[in-house]
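Since every read-out is calculated from the coordinates, none of them should be taken as a lab result. Every value quoted in this text rests on a predicted model; they were computed, and no experiment measured them. When we count neighbours, we look across all protein chains shown, and the Cβ atoms used for this are built from the backbone with ideal geometry, even at glycine.
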Amino acid sequence: MFAKRKSIIGLYTDENNVADAMDALKSKGFGENEYEVLTGVPYPEGTFGEAEPHIHLHKFPLIGAVFGFALGLVFTIGTQIAFPVVTGGKPILAIPAMAIIMYELTLLGAILFTVGGIIFESRLPKLFMGAYDTRITEGYIGVVVSTTEDNLTNAQDVLKSSGAEDIKFP
């Protein structure tokens with residue numbers, strides 16, 4: 001059975017203290033999926049020592065385009081073979097008419113898979129939101145630790161020792 005997860009947030013005003021907290025959490029054995037930084041200021045990636053995210057969004061449109069093209073090919077060939085209309089000795093499979101439908105389904109597949117990829121890569125919907133404080137929008141930097149209840153006091157000690165100005169339990 002999964003252990004129930006609780007969260008705690010430490011609020012900081014100095015970026016260096018946040019980086020120290022991230023290093024201390026990593027050295028205390030917290031996994032990279034157990035803590036995150038919340039800020040209202042657009043800091044560059046890696047400012048706080050967090051791991052660089054691996055994004056695979058570029059693969060979704062290609063997979064969707066291939067899927068849409070294959071679907072268009074199957075639809076057009078299947079329709080023309082199921083309902084053959086012989087007109088003046090021309091071939092049953094009309095390539096120019098097939099090309100239009102395959103083109104449209106290729107684009108539709110790429111678009112739909114891209115939208116699905118954006119939702120997937122954004123980790124939506126996020127079922128467990130964790131702790132939050134409205135002071136983050138005022139310039140504070142929050143370090144949220146979401147872990148099991150037994151590890152919560154350990155996380156509180158790490159946040160306190162790294163210079164958190166305030167620590168909140170939701």
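Remark: spin-label model distance SER161-THR79 equals 6.8 nm, labels positioned 7 Å along the Cα→Cβ axis. With runs of 4+ DSSP H residues as the only contributors, calculate the mean residue ellipticity of the chain at 222 nm using -39,500 (n - 2.57) per run, divided by the residue total and rounded to the nearest 500. Theoretical 222 nm ellipticity from helices: -15000 deg cm²/dmol.
Protection proxy ranking for 119-127, 4-12, 152-160, using the average of other Cβ atoms within 10 Å per residue and placing the highest first: 4-12, 152-160, 119-127. Evaluated at q = 0.12, 0.19 Å⁻¹, a Debye calculation over the C-alpha positions of region 59-121 (equal weights, vacuum) places log10 I(q)/I(0) at -0.37, -0.68.
Partners of LYS160 within straight-line reach, counting lysines whose Cα lies under 24 Å from its Cα and excluding those fewer than 8 residues away in the same chain: LYS4, LYS6, LYS26, LYS28, LYS168.
Here ILE63 and ILE100 are evaluated by their C-beta separation; at R0 = 25 Å the FRET efficiency comes out at 0.65. If I require 24 Å or longer along the helix axis, counting alpha carbons, and a Kyte-Doolittle average no lower than 1.6, what helices from the chain are left? Use full DSSP H segments. Span-like helices here: 95-121.
Here each label is just a point 7 Å from Cα along the line to Cβ, and for GLU36 and GLU15 those points are 2.1 nm apart. Treating region 1-82 as a set of equal point scatterers at the Cα positions, no solvent, please give the Debye-formula log₁₀ I(q)/I(0) at q = 0.14 Å⁻¹. Here the Debye-derived log intensity ratios amount to -0.67. When peptides 102-115, 52-65 are sorted by average Cβ neighbour count within 10 Å, with the highest value leading, the order is 102-115, 52-65.
Expressed as a fraction of 2.2 N^0.38 Å, the value expected for a compact globular protein of N residues, the C-alpha radius of gyration of the chain is 1.68.
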